[in-house]
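So the structure is just underneath, and the comments pick up after that.
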Amino acid sequence: MRKPKQLSREDQEKLDSLTRNLEKELEHFIGYPCNTLFDYSALYHFLKLPLNNIGDPYVPTNYHINTHEFEREVIEIFKKLTNAPKKSTWGYVTNGGTEGNLYGIFLAREMFPDCMVYYSEDSHYSVNKILRCLHVRNIMIRSNPDGTMNLDDLRETIKIHRDVPPVIFANIGSTMKGACDDLLGIQKILKDLAIKRHYIHADAALSGMILPFVDKAPSWDFDAGIDSVSISGHKMVGSPLPCGVVLAKKEYVDRIACGVEYVGTLDTTIMGSRNGLTPLFLWYAFRTIGLEGFHEIIQSCMNVAAYAETKLNALNRHAWKHPNSLTVVFDRPSPTLVSKWQLASKGSISHLIAMPHVTNENIDELAEDLAGEKQDTRKNRNYPSTVRRSL
Ligand SMILES: Cc1ncc(COP(=O)(O)O)c(C=O)c1O
């Protein structure tokens, strides 16, 4: 085989310049929930292999260059973290939170083809696209100002459509405000209305790796009656490639499974070819950091989040956060600062997320920047001050 030639000097310089730019951007990376503190260099040699986790990780396949064994171990860890019944829960490593959400709603629709999906105004933007792809009927439920689903609106809306099974897409840590929908309240509505056929999917993209490690977590997992859950891997665990896990009750997965002779396995996943490296990253992180390690990391992130809330409030930026969240919401600053600190923003609010690489020093520097700029004078449209006081 012809040997690839070396990169030209120009091409090499282009790559070097990219590295320098990315390293510079990382210095102010506080607005998105991606942990940058990982080192998977012990796994570099796996980059030389055509790893492919095609098929069901729990079923042998004819494609042997895979990491299914490690994928299964990762899934078993997430089962523990979500209180999933060991035998009756199934899962796989996804390309990220969005795929896990697509999978959850797919299972729900296959179970209840005439269902109605309810999700809130604060759900991740991709939910709308998922619902369009799956072509399921759906209704957006109003959110409370703190980002949680408004259960009065949910109750009244379900009442009108009592003839079809409800599928609840619950935010467990919403994208902008870190809000957790009240699963017990949702269950109560279903019980009050005597609705027996229903499905609850939990979108726990970030908080699925936070709530298992806090002392007073709300009810959010399989113990709270969910049917499936999606958690991102590149967010709190950290990974150079986007990834995540989805867990679901096995009985639903069995309904969609079909045998594929070409690869000699069961087709139970959304994708055909699947990433074989990301299960290794997740496995490596859990083996080297451990659950105790993640517990410490989350506690330390909580301290930074609390520090940020206090510091920004000293500057009158109306900062607040939910008790078990690392997402600190505050008044949207100038476009210059939004860009410098890569602050995710919507309407009149921005947020920072105290991921493991975010330090008190970062917060001090942000505060200095904020003190030095003229505050954005737009009125806060999304977030009335009454809510700030009630939190
Ligand atoms: C609540 C929530 N759900 C889903 C997603 C999508 O996750 P991913 O980017 O891993 O596809 C995000 C991403 O930020 C999110 O915050």
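Since every read-out is calculated from the coordinates, none of them should be taken as a lab result. Being a predicted model, the structure only gives us computed values, none of them experimental. Glycine gets a Cβ as well: all are built from the backbone with ideal geometry, and neighbour counts include every protein chain shown.
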Query raised in the report: Most fluctuating residue of 49, 241, 266 in a GNM of the chain with Cα springs under 10 Å: which is it?
Result: 49
**Report entry** Projected label distance in nm at residue 359 and residue 288, using a 7 Å step from Cα toward the beta-carbon
**Finding:** 2.0
Report summary line: Note, segment 320-336: 3J(HN,Hα) by Karplus (6.51, -1.76, 1.60, θ = phi - 60°), whole Hz, Gly/Pro = x, goes 7, 8, 6, x, 9, 10, 9, 8, 9, 8, 8, 4, 4, x, 5, x, 4
Query raised in the report: Assigning unit charges at the beta carbon (Lys, Arg +1; Asp, Glu -1) and nothing else, what dipole magnitude in debye, to the nearest 20, does segment 42-287 show about its Cα centre?
Result: 100
Report summary line: Calculated from DSSP helices alone, with each H run of at least 4 adding -39500 (n - 2.57) and the total divided by the residues of the chain, [θ]222 nm to the nearest 500 comes to -12000 deg cm²/dmol
Query raised in the report: Which aspartates and glutamates have a Cα lying under 20 Å from the Cα of residue 14, excluding residues fewer than 8 positions away in the same chain?
Result: 23, 25
Query raised in the report: What are the semi-axes of the equivalent ellipsoid for segment 42-287, taken as the square roots of 5 times the Cα gyration tensor eigenvalues, largest first, in whole Å?
Result: 31, 20, 15
Query raised in the report: Where in the chain are the helices, taken as whole DSSP H runs, whose Cα atoms extend 15 angstrom or more along the long axis and whose Kyte-Doolittle mean reaches at least -1.0?
Result: 68-81, 97-111, 277-314, 360-372
Query - Stretch gain in nm, segment residue 39-residue 162, where the contour uses 0.36 nm per residue and the Cα spacing is subtracted - result: 39.2 nm
Query raised in the report: With each label point set 7 Å from Cα along the Cα-Cβ vector, what nm distance links residue 270 and residue 336?
Result: 4.0
Report task. Could you name the lysines whose alpha carbon sits less than 25 Å from that of residue 177, not counting residues in the same chain fewer than 8 places away? Result -> 129, 188, 216, 235, 311, 321, 340, 346, 374, 379
Query - Spin-label zone in segment 294-311 - amide nitrogen under 20 Å from a point set 7 Å from the Cα of residue 215 along the C-beta vector - result: 294-310
Report summary line: By the C-alpha gyration tensor axes a ≥ b ≥ c (rounded if a/c is under 1.5, else prolate when a/b exceeds b/c, else oblate), the shape of segment 164-294 is oblate
Report summary line: Non-local residues with an amide H under 5 Å from the amide H of residue 92, with H modelled 1.01 Å from N and Pro and chain starts lacking one, are 246
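So what is the relative contact order for the chain, in percent, with contacts set as C-alpha pairs under 8 Å and at least six apart?
Numbers: 703 pairs, mean separation 87.9, N = 391.
This gives 22 percent for the chain.
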Requested in this report: Could you check the simple spin-label distance between residue 24 and residue 316, using points 7 Å along Cα→Cβ, in nm with one decimal?
Outcome: 3.4
